1. Looking at Ala551, Ala529, Ala556, can you tell me which residue is closer than 22 Å to Leu512 by Cα and of a type in the set (Gly, Ala, Ser)?
2. Give the residues of region 143-157 that are surrounded by 13 or more Cβ atoms within 10 Å (Cβ to Cβ) and assigned to a helix (DSSP H, G or I), sorted by residue number.
3. If you go through region 261-317 one residue at a time, how many are hydrophobic (A, V, I, L, M, F, W, C), over 24 Å from Met336 (Cα atoms) and free of Cβ contacts under 8 Å to residues at least 60 places away in the same chain?
4. Condition first: closer than 25 Å to Ser349 by Cβ and not in a strand (DSSP E or B). Can you find one or more residues in region 306-315 that meet it?
5. I need a count of the residues in region 441-476 that are in a loop (DSSP other than H, G, I, E, B) and not β-branched (Val, Ile, Thr).
6. For region 76-104, how many residues are within 18 Å of Ala24 (Cα to Cα), outside any strand (DSSP E or B) and out of contact with any Ser or Thr (no Cβ under 8 Å at 6 or more places or on another chain)?
7. Taking Glu238 as meeting all but one of (1) in contact (Cβ under 8 Å) with a residue 60 or more places away in the chain; (2) of a type in the set (D, E, K, R); (3) surrounded by fewer than 16 Cβ atoms within 10 Å (Cβ to Cβ), write down the number of the exception.
8. Among the residues of region 454-502 satisfying the criterion of being within 20 Å of Ala556 (Cα to Cα) and surrounded by fewer than 17 Cβ atoms within 10 Å (Cβ to Cβ), which is modelled with the lowest pLDDT?
Amino acid sequence: MMKSLLGILFLAVSVLAGSASAQATWVQIEAKRSLSDAQDRIRDYASGLQYVNGFALNSGWYAIALGPFTPIDAEDQLLRLRASGRIPRDSFIADGSNFRQQFWPVGAVTLSAPLLLPDAQIEETAAPAPLLPTEESIAEARDGERLLSQAEREDIQRALQWNGVYSGGIDGAIGPGTRTAMAAWQDANRFEPTGVLTTAQRRDLVTSYRDVLNSVGLTRVLDAKAGIELDLPMAMVEFERYDPPFVHYRAKGDSGVRVLLISQTGDQATLAGLYDIMQTLEIVPLSGPRELGKSSFTLEGSNAEISSYTYAAQADGRVKGFTILWPAGNDRRRDMAIGAMQASFRPTSDAVLPDVMDGGTAQSRDLLSGLDIRQAERVRSGFYVDGAGSVLTAVEAVEGCGRVTLDDEFEAEVVARNDTLGLALLRPREPLVPIAFARFQPHEPRLDSEIAVSGYSFEGQLGAPTLTYGTLQDVKGLNGEASLTRLALTATMGDAGGPVFDSTGSVMGMLLPPLRTGGRVLPEDVSFAADAVAIVEFLSANGIAAAASDATSGMAPEDLTTSAADMTVEVSCWN
């Protein structure tokens, strides 16, 4: 009889493991930037835990994980091991989709192995696991609670807050809100949710919180030069340099965390300018909430690699604040650091960083005080074609772009394109009223006549378009294409998408990028443009009635320069 039961049990476990193989679930407990660090840590875990594995991640980091389990067992392992303090409090459930090559155990291939059903929990897969027993009665727990100091009660509230179950004030008063949070923590950790923590539960709760606190290393820092005092995660960062208006703290070890202190003279306009400038930096991802008020601003940004938080305020002619940059993941430790910095931040004096300090970073248009400025992947030209701000540009200008902007300020979307003609039509996401827009030459232009192209020849470095002069060589392409005109003009890639003007200031075409000619290299001064007839037909097909020019006399060069600048747009491609 016993053999039969064991056989049935073994068969049930085998079937369950095999059928759940598509639902392999892991408990990810840590990630390290370097393989050597991951190997050191995984040996420590493997000495006291079962089912320890190590995998390279898609991000280049190295993960330490337990498993593979069924989803039910993974959740149970997570709760039990976190409650006992054997794995970090920020351990989490992972599906393994980010795991690549396995580095621990050496030679193992666990990703394709059957799911583990820990012996101690075989019977629990069919029913909810029982609540963990308590070592004290509620009365005994209350008696112990009464002996706690004010500081100890506040620590409990902070630990509950860090666990995400308490949002009240840190006042040490064990009221209804704190009781509710205690019960929620107990329930999440498989204890009976009485709302009164036993001695052991209080120890587990506060110890796990303090372990994370110690790993962050929050330390009060007073910078007399910047005139700022605040708590910084000094286990994660270390002072690097002054580079006004910032004090730089670089990552310590492989933490990936960086901090900037902000200190400069300035008023409300300075604050608004800093708000704009910070958003051009690589350390402030575009996705995230941001708010500019009269005397302060906050910026939050995140992407697949980093998240950052910036706060700055203006008072008495000084602007001071901070930025913290955190690698993706470990969000709760990040939130702990941000909360501590917010709560402790204090301008301490009239001191501010000078405009320039000895040893500062060499000046560069790609850097701001040693920080990388977000750069467009490419910059081309375009021009307004109606009074609603619609812009015509080259298809190449917007090919494969995650985001397109006009004049570095206004976001736009591609609403139509013709790859054969090389034309793309953009519409700004917010209404624009251009000073001028294209008026197209209704007649065929005269060969050998003078033409001019308006474009951002140096891909935005000059901040304004330039005019490049040439002559019209032919009203068709090299293979007889009626939609092209051939120009004698030395253009740059930045000019592509810009308007081509005749001597009257009428638009007779749009400059195209250099044509691919099957390996042949054309002379430098050979350029091509989409002609006005093809452009007008393209615009008409997409709901835009192109304006015809009635100009008959030549336009003075200075007037053409002004008109072209009002019409030409910088088109930037971002990824």
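The values are calculated or read from the model by the stated rules, or taken from the named source; none is laboratory data. As the structure is a computational prediction, the values presented were derived from the model and not from experiment. Reconstructed Cβ throughout: ideal geometry from the backbone, glycine too, with neighbour counts over all protein chains shown.
1. One residue alone meets the criteria, Ala529.
2. Listed by number, the residues that qualify are Gly144, Glu145, Glu152, Arg153, Glu154, Asp155, Ile156, Gln157.
3. 5
4. No: region 306-315 contains no residue that is closer than 25 Å to Ser349 by Cβ and not in a strand (DSSP E or B).
5. Residues meeting the conditions: 20.
6. Residues flagged as within 18 Å of Ala24 (Cα to Cα), outside any strand (DSSP E or B) and out of contact with any Ser or Thr (no Cβ under 8 Å at 6 or more places or on another chain) within region 76-104 amount to 5.
7. Of the numbered conditions (1) in contact (Cβ under 8 Å) with a residue 60 or more places away in the chain; (2) of a type in the set (D, E, K, R); (3) surrounded by fewer than 16 Cβ atoms within 10 Å (Cβ to Cβ), the odd one out for Glu238 is (1).
8. So the residue we want is Ala464.
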